[in-house]
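Peer 1: Sharing a structure here in structure tokens format.
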Amino acid sequence: MTRIEHDSMGEVEVPDLAKWRAQTQRAVENFPVSGRGLEPAHISALGTVKAAAAVVNASYGLLEADMAAVIAEAAGEVAANKWDEHFPVDVFQTGSGTSSNMNANEVIATLAEERLGRAVHPNDHVNAAQSSNDVFPSSIHVAAVIELTRNLTPALEHLATALESKSVEFAEVVKSGRTHLMDATPVTLGQEFGGYAAQIELGIERLQSALPRVAELPLGGTAVGTGVNTPDREWAGKVIAEISRATGLPFTEARNHFEAQGARDALVEASGVLKTIAVSLNKIANDLRWMGSGPRTGLGELNLPDLQPGSSIMPGKVNPVVPEAVTMVAAQVVGNDATITMAGASGSFELNVQMPVIARNLLESIRLLGNVSRLLADRCVRGVTANADRLREYAESSPSIVTPLNRYVGYEEAARIAKQALQERKTIREVVVQRGHVANGTLTEEQLDDLLDVLPMTGHIPEKAVMSDPHMGGGEPTP
């Protein structure tokens with residue numbers, strides 16, 4: 001069943017139950033590309049902008065009070081994602097997002113008209129004092145700030161807390177360090193997890209640094225940045241203040257409307273931060289996979305939680321499925337960033353003309369990173385256990401622990417000791433004694449034991465030592 005709608009180009013058949021009208025239907029027919037529409041967060045942001053504009057337009061007398069009220073109410077339902085199924089326009093559409101802006105205008109107009117009992121026009125009423133060229137980019141920024149603030153940042157904080165907790169738990173678990181995938185001097189597992197936590201915390205800092213620029217909205221620039229068809233210069237600030245009131249977030253008007261409409265640099269910057277976070281997650285996930293490899297022929301240093309069977313043919317096999325999911329998300333986010341970078345470079349004079357794909361990829365990256373960060377924390381990191389004996393065995397058998405002997409026997413002799421220990425499958429201590437360095441007085445047995453103690457090599461000071469020595473802890477000895 002269909003009905004007839006019309007726009008400036010003529011009549012169009014629209015599905016009878018659809019809340020959209022003619023221009024949306026034309027876009028549906030013109031862009032059967034991917035079957036992927038706007039992200040739900042973006043649809044919500046369009047509703048938020050439209051509701052705020054209706055409130056301010058009523059105060060200017062651009063809309064009658066009752067009409068403004070029903071438009072704001074309908075837009076609020078769009079913001080609550082109540083009508084997402086009525087946003088069918090493909091993400092690969094006109095580069096300004098005009099089709100999706102009109103989709104929002106038409107859905108809101110239809111809902112408002114049903115409640116008001118008289119005609120509500122998508123352009124004249126819902127889009128009053130606005131243009132796709134300032135509304136659509138503003139909606140991207142609103143959605144991005146909301147999702148970065150309410151989804152991704154808390155998810156990263158959750159992951160950082162889980163990693164930091166493991167850092168404390170593994171503070172005295174010694175393991176072999178590795179550089180170039182080769183044995184290096186010892187570290188603690190806690191130090192490694194502390195490094196992972198710091199990566200995530202720095203990612204949060206980078207997000208916080210970018211947020212003020214993402215929160216600048218081009219709203220009020222209308223078609224080309226000049227503000228034509230807005231009632232005055234204060235209109236934009238009032239609508240943005242209403243958006244801030246509705247969301248509880250500090251949005252501001254763009255410092256320069258020509259920059260804000262001709263370029264999408266703040267979104268490219270934000271995507272770069274997301275890519276950096278993805279790179280951090282990829283490193284962490286791969287380290288977990290390597291340390292958990294085995295159980296017999298890998299490193300076997302960590303036990304990752306067993307979540308599901310890992311093979312359809314090999315009974316008992318279990319795989320690191322969560323870290324693998326993390327690395328796939330990282331790959332997707334890096335790819336999204338490449339698209340956003342290219343799209344961000346597609347500003348032509350007064351308008352960027354690849355905004356829908358910027359929006360889709362940016363918001364997808366935020367959503368994926370938020371979801372997978374919580375998954376990594378809850379389904380993997382929190383359940384990690386250490387094989388402490390194996391970790392220490394690796395550390396103590398590594399030829400790299402010869403390093404502290406350099407200042408006693410010299411670098412070249414230390415290298416000979418390391419190579420002999422490796423070749424003869426002996427410990428460093430055994431070779432040092434065999435080569436006569438204790439007998440000739442170069443080292444005492446006690447010195448050798450102290451020098452080859454792997455925990456002090458990590459720079460770690462045991463908590464008991466700190467508490468018992470007033471010179472190290474700044475306080476009195478603990479009884």
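The values are calculated or read from the model by the stated rules, or taken from the named source; none is laboratory data. Quick caveat: nothing in here was measured; it's all calculated off a predicted structure. Using ideal geometry, Cβ is built from the backbone for each residue, glycine included, and neighbour counts are taken over all protein chains shown. Remember, those area values only see protein heavy atoms, side chains included, never the ligands or the DNA or RNA. Shrake-Rupley method; radii C 1.70, N 1.55, O 1.52, S 1.80 Å.
Peer 1: When the range 114-153 is examined, which residues are found to be within 30 Å of ILE204 (Cα to Cα) and free of Cβ contacts under 8 Å to residues at least 12 places away in the same chain?
Peer 2: The answer is ARG150, and nothing else.
Peer 1: Would you point out which residue out of LYS82, LYS50 is assigned to a helix (DSSP H, G or I), modelled with pLDDT of 95 or more, out of contact with any Lys or Arg (no Cβ under 6 Å at 6 or more places or on another chain) and not hydrophobic (A, V, I, L, M, F, W, C)?
Peer 2: LYS50 is the lone residue from the list that is assigned to a helix (DSSP H, G or I), modelled with pLDDT of 95 or more, out of contact with any Lys or Arg (no Cβ under 6 Å at 6 or more places or on another chain) and not hydrophobic (A, V, I, L, M, F, W, C).
Peer 1: With open to solvent by 40 Å² or more (accessible area, probe 1.4 Å), among the β-branched types (Val, Ile, Thr) and within 19 Å of GLU114 (Cβ to Cβ) as the only criterion, which of ILE4, ILE71 stands out?
Peer 2: Selected residue: ILE4, the only one of ILE4, ILE71 that is open to solvent by 40 Å² or more (accessible area, probe 1.4 Å), among the β-branched types (Val, Ile, Thr) and within 19 Å of GLU114 (Cβ to Cβ).
Yes/no matrix, rows are residues, columns are (1) hydroxyl-bearing (Ser, Thr, Tyr); (2) surrounded by fewer than 20 Cβ atoms within 10 Å (Cβ to Cβ); (3) in contact with a Phe, Trp or Tyr (Cβ under 9 Å, 6 or more places away or on another chain):
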| site | (1), (2), (3) |
| --- | --- |
| SER139 | yes, no, no |
| VAL142 | no, no, yes |
| LEU148 | no, no, no |
| GLU157 | no, yes, no |
| THR161 | yes, yes, no |
| SER165 | yes, yes, yes |
| THR185 | yes, yes, no |
| GLY190 | no, no, yes |
| LEU202 | no, yes, no |
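Peer 1: Sticking with this structure for a sec: Restricting attention to the range 117-153, report how many residues are within 35 Å of the chain's Cα centre (by Cα) and assigned to a helix (DSSP H, G or I).
Peer 2: Here the count works out to 23.
Peer 1: I need the full set of residues from the range 321-343 which are without any contact (Cβ under 8 Å) to a residue 60 or more places away in the chain and either touching a Leu at 6+ places or on another chain (Cβ under 7 Å) or open to solvent by less than 40 Å² (accessible area, probe 1.4 Å) (or both), in order please.
Peer 2: Residues satisfying the conditions are VAL321, VAL322, PRO323, ALA325, VAL326, THR327, VAL329, ALA330, GLN332, VAL333, GLY335.
Peer 1: Going through ASP449, ASP469 one at a time, which residue ends up being within 24 Å of THR188 (Cα to Cα) and either modelled with pLDDT of 90 or more or aromatic (Phe, Trp, Tyr) (or both)?
Peer 2: Step by step, each of ASP449, ASP469 is checked, and only ASP449 is within 24 Å of THR188 (Cα to Cα) and either modelled with pLDDT of 90 or more or aromatic (Phe, Trp, Tyr) (or both).
Peer 1: Quick one: in the range 103-116, which of the residues that are open to solvent by 10 Å² or more (accessible area, probe 1.4 Å) and not charged (D, E, K, R) is nearest to the chain's Cα centre (by Cα)?
Peer 2: Among residues in the range 103-116 that are open to solvent by 10 Å² or more (accessible area, probe 1.4 Å) and not charged (D, E, K, R), the one nearest to the chain's Cα centre (by Cα) is THR110.
Peer 1: List every residue pair whose Cβ atoms lie under 8 Å apart, where the two residues are 6 or more positions apart in sequence or sit on different chains, the first residue falls within the range 278-305 and is within 13 Å of ASN387 (Cα to Cα) and open to solvent by less than 40 Å² (accessible area, probe 1.4 Å), and the second residue, located anywhere, is among the hydroxyl-bearing types (Ser, Thr, Tyr) and outside any loop (DSSP other than H, G, I, E, B).
Peer 2: GLU301/TYR394; LEU302/THR385
Peer 1: Additional query: Report, by residue number, each residue of the range 167-183 that is β-branched (Val, Ile, Thr) and crowded, with 20+ Cβ neighbours inside 10 Å.
Peer 2: Listed by number, the residues that qualify are VAL173, VAL174.
Peer 1: How many of the residues in the range 344-387 are of a type in the set (Ser, Thr, Tyr), over 21 Å from MET328 (Cβ atoms) and either open to solvent by less than 40 Å² (accessible area, probe 1.4 Å) or assigned to a helix (DSSP H, G or I) (or both)?
Peer 2: The number of residues fulfilling the criteria is 1.
Peer 1: Does the range 175-186 contain at least one residue that is in contact (Cβ under 8 Å) with a residue 60 or more places away in the chain and among the β-branched types (Val, Ile, Thr)?
Peer 2: yes
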